[in-house]
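The values are calculated or read from the model by the stated rules, or taken from the named source; none is laboratory data. All of these numbers come straight from a predicted model, not from anything done at the bench. Here the Cβ positions follow ideal geometry from the backbone for every residue, glycine too, while neighbour counts run over all protein chains shown.
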Amino acid sequence: MKNDLERVALITGASRGVGANTAYILAEAGLNIVINYHSKRSRAEEVANIVREKGHQALLAQADLTNESDMKQMIKSVQEKFNRLDVLILNASGGLEKRKDADYPMQLNLTAQKRAVDLSLPLMSDGGRIVFVTSHLAHFYGSKPVYPLYEPVAQSKKAGEEALRAYIPELSKKGVKLVVVSGDLIEGTITPKLMQRQNPGLIEKRQQQAGVLPTVEEFAHAIASSALDDQLETGATIFVGSTDWEL
């Protein structure tokens, strides 16, 4: 790969939680960071300040990932500042939000993910890496049980993963690899909390089944490592936490 001191990583949904922690780890490893956020600019600025304290550049990139115009402007800003992109981490996802259209999960977890790759690829070159972040419930959708509330998310993220895997031949021509990182329920993140509101005791039950749930920091380390490990083959899947469960 290219000199780490020159490399640039764009992380979607990087203003908090897993995305923010991934930004810190990659900055520590020597990368400049593009911090995508939807609306919480103050939180994104806090992440940017920490990246800069580590001695690297940070670019704030506000964008609603389901808005094509926003996405194009975000990538344009990356081109104008860095004229390159080495790592694209597709961390942002959703589908449990209230007052959204029925097709919102597919718009965010499938259409927006494909658009992000389409727009980013011209800035990427040999040695580039795309990391798609997903959940076990989504990765194994169709073969393992899923909580009814989460099904639209699981279905759409599974569709997103399959669509990105279909890009592998095109990515390989440019020397860009795709890696998927799949996690169990991540302790302290918003999705399990939203799920527990309709399924009281869900988190505790899963903790008993799995023994322990991955933390935000552990999941972020797995994502960052997947972005940096030259030995990983394209199409590889990294699992974080137990992949066995019962509803």
Task: Checking residue 154 against (1) of a type in the set (A, V, I, L, M, F, W, C); (2) under 13 Å from the mean Cα position of the chain (by Cα); (3) within 21 Å of residue 220 (Cα to Cα), the condition it does not meet - done: (2)
TODO: With respect to residue 187, determine if the residue is over 21 Å from residue 16 (Cβ atoms), without any contact (Cβ under 8 Å) to a residue 40 or more places away in the chain and not basic (Lys, Arg).
DONE: no
Task: Single residue of 61, 48, 27 found to be without any contact (Cβ under 8 Å) to a residue 24 or more places away in the chain, surrounded by 15 or more Cβ atoms within 10 Å (Cβ to Cβ), over 20 Å from residue 171 (Cβ atoms) and not acidic (Asp, Glu) - done: 48
Open item on the list: Quick check on the range 167-220: of everything there that is over 30 Å from residue 121 (Cβ atoms) and among the basic types (Lys, Arg), which residue is farthest from the chain's Cα centre (by Cα)?
Closed with: 205
- [ ] Quick one: in the range 217-235, of everything that is within 16 Å of residue 136 (Cβ to Cβ) and aliphatic (A, V, I, L, M), which residue is surrounded by the most Cβ atoms within 10 Å (Cβ to Cβ)?
- [x] 223
Open item on the list: Given the options 73, 113, name the one that is of a type outside the set (Phe, Trp, Tyr), within 18 Å of residue 38 (Cα to Cα) and surrounded by fewer than 18 Cβ atoms within 10 Å (Cβ to Cβ).
Closed with: 73
Open item on the list: Given the condition surrounded by 15 or more Cβ atoms within 10 Å (Cβ to Cβ), part of a strand (DSSP E or B), touching a strand residue (DSSP E or B) at 6+ places or on another chain (Cβ under 9 Å) and of a type in the set (D, E, K, R), answer yes or no: does some residue in the range 169-192 qualify?
Closed with: yes
- [ ] Examine the range 120-143 for a residue that is modelled with pLDDT of 95 or more, more than 14 Å from the chain's Cα centre (by Cα) and part of a strand (DSSP E or B), and state whether such a residue exists.
- [x] yes
Open item on the list: Quick check on my filter: what residues within the range 78-93 are polar (S, T, N, Q) and surrounded by fewer than 17 Cβ atoms within 10 Å (Cβ to Cβ)?
Closed with: 79, 83
TODO: For residue 132, indicate whether it is crowded, with 24+ Cβ neighbours inside 10 Å and among the aromatic types (Phe, Trp, Tyr).
DONE: yes
Task: Unmet criterion (only one of (1) buried (at least 19 other Cβ atoms within 10 Å of the Cβ); (2) at pLDDT 95 or above) for residue 195 - done: (2)
